[in-house]
Amino acid sequence: MNLFRTKSVEQSIAETDEPEHRLKKTLGALDLVVFGVGVIIGAGIFVLTGTVAASNSGPAIAISFAIAGLACGLAALCYAEFASTVPVAGSAYTFSYATFGELIAWIIGWDLVLEFTIGSAALSTSFSSYLQELLDGTPFEIPASLSSAEDGLFNLPAVLVALAVMTVLIVGIKFSSRLNQVVVAIKLAVVLLVIVAGIGYIDRDNYSPFVPPSEAAPEGAGGFMDVTLLSSIFGLEPSVYGIAGVVAGAAIVFFAFIGFDIVATTAEETHNPQRDVPRGILGSLAIVTVLYMAVSLVITGMQDFRDIDPDDAAPLSTAFTVNGLDWMGDVIAVGACIGLIVVAMILMLGQTRVGFAMARDGLLPLPLAKVHPRFGTPYIFTIITGVAVAAIAGFVPLSTLAELVNIGTLFAFVLVSAGVVVLRRTRADLPRGFRVPAAPLVAGVAVLMCLYLMLNLSGGTWVRFLVWMGIGLIVYFAYGMRNSRLGRRESTVEETAR
């Protein structure tokens, strides 16, 4: 069997009109920009800012955000061209099917399952952290046994929010979009309040040194599972801070940018995907990059990075609390709780659309692609995803989840960036609503930057990633390869020709 058989763009688009698998077209450019901003502003800025500043970058975390934003921006250009050319649910999975073939498409689809499912679980866990910060000391304080996957039985708030998000997604994407617009407004207000209110409490001495000199890593952090893969490959002594720390920090805060590719997964539900999807992707990414850099400068200016607790799950709130602004800490916690719910929702949305596309292609059981007769959503796959996210969020800590999401996302970006150049050569005739300027150069730099950031993730993250991909290959050869609609169609043609 041909493992690299490609599915034509025309065929992918034609299958979107099958009555039992047809998604409603309800989204416009504003919906997509709001979706993008809504999903990107999440745990990365509300939770990881303190961790990375304290452990990797110091005040130069703003540079870490800029590096991660640049890598995302280059990949975003490639996503925008693909989404305007192949306006079909599935994002990188669908794009890879049209360029690299079925096996690679399966690999990237399985990878996206990791990115979106684990990402949604991570955001559910982050929500729980801010909720606990908000309720501590009140009659509604959550018992320790039900508030942590590490120190208690499981994380109950994270489980409940995942199941609630699942229910909202089943009701319909337009309802999800409207809810998202309200919550994005709240999140933006909180982020802008952090910037405006925090400027007056900045101590310039906290910026010196802006890039802290490199130091030996703390004891116990020298094993293969803990240090970056780059350090292991070249035998470098584990260290923190310095230029290497800034880059390693970029590989971690990259988590803060995941989600703009969610916009590409909704192309099939967009009125004018050729025009609106590129606007949604690029517009949302530009907005959040500026906000992230501003917030990180304010937080590290308000509090010396040496005094930040790397394990603090609510660093933005803490920065104001230590400066005597307890009310601001509460406002931020409320905004974060509301905002993180929606980020978890949109990441789960992305997972359901990728899984829907894979099931429609026969690589997963076809019944999973069944659309609800009233709501027009892939409800079966949404239920499965919601239960899985709830289980993971309830029992796995955030730190493990975040790095797994990063490596999965970076791998997807590598394939999409390379795929744009491939599709330009193999299908130059396709109409493109958006074209990447200097495509070979932009795509090449995007690939190199993403690969370099991947090498700056820990060896343990790479081991977990490779184990997950190995499981995926077993599933493909045991089921997907034999039940592929494209493969069956090719077999029928061959038999007819005989």
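The values are calculated or read from the model by the stated rules, or taken from the named source; none is laboratory data. Computed from a prediction, not measured in an experiment: that's the story for all the values here. FYI the Cβ positions are ideal-geometry reconstructions off the backbone, even for glycines, and counts take in every protein chain you see.
Every condition in (1) free of Cβ contacts under 8 Å to residues at least 60 places away in the same chain; (2) surrounded by fewer than 19 Cβ atoms within 10 Å (Cβ to Cβ) holds for ARG424 except the one numbered (2). Here ALA217 passes the criteria (1) at pLDDT 80 or above; (2) farther than 21 Å from VAL295 by Cα except the one numbered (1).
Residues in the stretch 239-281 that are among the charged types (D, E, K, R) and modelled with pLDDT of 75 or more were compared, and the one that is nearest to ILE40 (Cα to Cα) is ARG279. Can you pull out every residue in the stretch 53-81 that is hydrophobic (A, V, I, L, M, F, W, C) and in contact with a Gly (Cβ under 7 Å, 6 or more places away or on another chain)? The answer is ILE61, and nothing else. One residue alone among GLY362, GLY335, GLY355 is outside any helix (DSSP H, G or I), small (Gly, Ala, Ser) and either within 21 Å of the chain's Cα centre (by Cα) or surrounded by fewer than 24 Cβ atoms within 10 Å (Cβ to Cβ) (or both), and that residue is GLY362.
Residue check: SER399 meets all listed conditions (1) at pLDDT below 90; (2) within 28 Å of GLY480 (Cα to Cα); (3) in a helix (DSSP H, G or I) but one, namely (2). Among the residues of the stretch 440-462, the ones that are under 21 Å from GLY101 (Cα atoms) and not β-branched (Val, Ile, Thr) come to 3 in all. With respect to the conditions (1) surrounded by fewer than 21 Cβ atoms within 10 Å (Cβ to Cβ); (2) out of contact with any Gly (no Cβ under 7 Å at 6 or more places or on another chain); (3) under 28 Å from VAL88 (Cα atoms), LEU368 falls short on a single one, namely (2).
Taking the stretch 334-391 as the range and being of a type in the set (Lys, Arg) and farther than 12 Å from LEU169 by Cα as the test, the residues that pass are ARG360, LYS370, ARG374. If only residues of the stretch 403-434 that are among the charged types (D, E, K, R) and in a helix (DSSP H, G or I) are counted, the one that is nearest to SER120 (Cα to Cα) is GLU403.
Residue by residue, here is whether (1) buried (at least 24 other Cβ atoms within 10 Å of the Cβ); (2) more than 20 Å from ILE40 (Cα to Cα) holds:
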position: ALA68; (1), (2): yes, no
position: ALA75; (1), (2): yes, no
position: SER96; (1), (2): yes, yes
position: ILE107; (1), (2): no, yes
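Residues that are more than 22 Å from PHE127 (Cα to Cα) and of a type outside the set (Val, Ile, Thr) within the stretch 294-320 comprise ALA294, LEU297, GLY301, MET302, GLN303, ASP304, PHE305, ARG306, ASP307, listed in sequence order. Of the residues in the stretch 446-458, not one is within 19 Å of THR6 (Cα to Cα) and in a helix (DSSP H, G or I).
Can you pull out the residues in the stretch 31-71 that are in contact with a Lys or Arg (Cβ under 9 Å, 6 or more places away or on another chain) and either more than 19 Å from CYS337 (Cα to Cα) or outside any helix (DSSP H, G or I) (or both)? Passing the criteria: ASP31, LEU32, VAL33, ILE41, GLY42, ALA54, GLY58. Close contacts from the stretch 472-495, counting a first residue that is under 26 Å from GLY408 (Cβ atoms) and a second that is among the acidic types (Asp, Glu) and at pLDDT 85 or above, with Cβ to Cβ under 7 Å and a gap of 6+ residues or different chains, come to SER484/GLU102; SER484/ASP361; ARG485/ASP361; LEU486/GLU102; LEU486/ASP361. Among the residues of the stretch 94-117, those identified as under 14 Å from LEU423 (Cα atoms) and either of a type outside the set (A, V, I, L, M, F, W, C) or at pLDDT below 85 (or both) are THR94, PHE95, SER96, TYR97, ALA98, THR99, GLY101.
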